[in-house]
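Read the figures in this text as sums done on the coordinates, not as results from a lab. In this text, all values refer to a predicted model and were calculated from it rather than measured experimentally. We place every Cβ from the backbone using ideal geometry, glycine too, and count neighbours over all the protein chains shown.
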Amino acid sequence: MILSDLEILDAIESKRIIIEPFDQNCLGTNSYDVHLGKYLAVYESHELDARKHNTLHHFEIGEDGFMIMPGTLYLGVTEEYTETHDAVPFLEGKSSVGRLGIDIHATAGKGDVGFCNTWTLEISCVQPVRIYAGMPIGQLIYFKVEGQVKNYYHSKSDAKYNGRTIRPVESMMWKNKF
């Protein structure tokens, strides 16, 4: 079951969902709009290794925006910090963003119950397009969880993306054993 706007508001009032900053105007019928933060990042190397720590080059989107180009993976971040304590958050791109040929995630659209952070975006495009800090970039949809949760994400000792950040976070695949 997807939470409605009234269910999302009730969860926010009872602190089961936290969105900072929260703006009532961003609440849709069954979603909440999130915005592109001011930081982007690209990997320093064009050849990545899943077993190694691939480092990022971070930069700030200027007032005139930033032109993203096809063939490059940009990591972005939401302006909004979120916490979800009894629902599963899904981040989807806004249709207006998709109609510009922008994808905001390759595979990581689902959060876990207990995820507490900003969202790192995996941004790619099909043609050059200028993007801006603060632009609506996606929408969070919340699914109700049936039953008790034993392992909240923020309590897991092996959770790789727990540190609160305002910048995009690189892949931590290298921390896995394989």
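Points worth noting:
- Database remark: amide H of V129 closer than 5 angstrom to the amide H of I68 (H placed geometrically; neighbours at sequence offset of 5 or more, or on other chains; Pro and chain starts carry no H).
- Residue by residue, segment 44-58 carries 3J(HN,Hα) couplings of 5, 10, 7, 10, 9, 10, 5, 8, 10, 7, 8, 8, 10, 10, 8 Hz when phi is fed to the Karplus relation 6.51 cos²θ - 1.76 cosθ + 1.60 (θ = phi - 60°); x denotes Gly or Pro.
- Top of N30, N117, N151 by mean-square fluctuation, Gaussian network on the chain, Cα under 10 Å: N151
- For Y152, no residue 5 or more places off, or on another chain, has a built amide H under 5 Å of its own.
- In order through segment 2-17: 3J(HN,Hα) via Karplus (6.51 cos²θ - 1.76 cosθ + 1.60), integer Hz, x for Gly, Pro: 8, 5, 7, 4, 5, 5, 4, 4, 4, 5, 5, 4, 9, 6, 7, 10
- K110 long-range amide H proximity, modeled H, under 5 Å: L91
- Label-point gap, in nm, between F22 and Y132 - each point 7 angstrom along Cα→Cβ: 2.7 nm
- In order through segment 136-152: 3J(HN,Hα) via Karplus (6.51 cos²θ - 1.76 cosθ + 1.60), integer Hz, x for Gly, Pro: x, 10, x, 9, 8, 10, 10, 9, 5, 9, 8, x, 6, 9, 8, 10, 5
- Of the residues E20, E146, E47, the one that moves most in a GNM of the chain with alpha-carbon contacts below 10 Å is E47.
- Eligible aspartates and glutamates near K177 by straight Cα distance, threshold 13 Å, same-chain separation 8 or greater: D158
- The slack in the chain from K144 to E92, taken as 0.36 nm per residue of separation less the alpha-carbon distance, amounts to 17.0 nm.
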